[in-house]
Amino acid sequence: MAAKLSGSGGGKYTETQNAEINVTPFVDVMLVLLIIFMVAAPMAAVTVKVALPPAVAPPGTNPPKPVYISIQNNGRIFIQDFPTDVSALGDDLRSQLGASRNPTKERIFIRADTDTMYGDFMAVMNMLQDNGFYSVALVGEDKG
């Protein structure tokens with residue numbers, strides 16, 4: 001970066017370009033940071049010795065397999081892949097769950113076609129409530 005202030009030839013007002021980098025401020029900053037870390041590092045170390053017990057958590061139980069009720073647009077009802085009808089829904093659902101699972105605490109997932117009649121859907125919901133299945137979740141498709 002040069003500036004020429006007078007005439008066509010070089011003179012006492014000619015300024016030449018300086019291509020050297022002044023590293024002194026950089027070195028000063030690095031030395032200050034080094035001193036700060038040298039002073040702060042011993043303060044961050046824990047000096048109290050404690051014998052800690054091992055932290056091994058027991059493996060969790062696998063969640064039970066979810067139960068899906070599917071309602072097609074023609075009114076057909078399925079528990080998992082097995083066909084059923086509204087009148088036998090409670091008994092078929094209990095047999096699908098087995099004796100080891102509590103029906104009052106079991107979550108039932110309902111999948112229904114977009115063209116399903118509202119009456120068919122409500123008949124399934126009413127039958128679930130009549131048989132003690134109160135935890136019901138509706139499954140929808142993600143439009144991500």
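The values are calculated or read from the model by the stated rules, or taken from the named source; none is laboratory data. All values reported here derive from a predicted model rather than from experimental measurement. Quick reminder, even Gly has a Cβ in these numbers, built from the backbone with ideal geometry, and neighbours come from all protein chains shown.
In this structure, does SER87 turn out to be more than 38 Å from the chain's Cα centre (by Cα), closer than 30 Å to ALA137 by Cα and at pLDDT 75 or above?
On the way: more than 38 Å from the chain's Cα centre (by Cα): yes; closer than 30 Å to ALA137 by Cα: yes; at pLDDT 75 or above: yes.
Answer is yes for this residue.
Scan the stretch 101-129 for residues that are basic (Lys, Arg) and either in a helix (DSSP H, G or I) or in contact with a Ser or Thr (Cβ under 9 Å, 6 or more places away or on another chain) (or both) and jot them down.
At the first step, the residues of the stretch 101-129 found to be basic (Lys, Arg) are 101, 105, 107, 111.
Passing the criteria: LYS105, ARG107, ARG111.
Out of all the residues in the stretch 67-82, is one or more assigned to a strand (DSSP E or B), surrounded by fewer than 12 Cβ atoms within 10 Å (Cβ to Cβ) and without any contact (Cβ under 8 Å) to a residue 40 or more places away in the chain?
Let us first name the residues in the stretch 67-82 that are assigned to a strand (DSSP E or B), namely 67-71, 77-79, 82.
Narrowing further to those that are surrounded by fewer than 12 Cβ atoms within 10 Å (Cβ to Cβ): 82.
Those left that are additionally without any contact (Cβ under 8 Å) to a residue 40 or more places away in the chain: 82.
Yes, there is a match, as at least one residue in the stretch 67-82 is assigned to a strand (DSSP E or B), surrounded by fewer than 12 Cβ atoms within 10 Å (Cβ to Cβ) and without any contact (Cβ under 8 Å) to a residue 40 or more places away in the chain.
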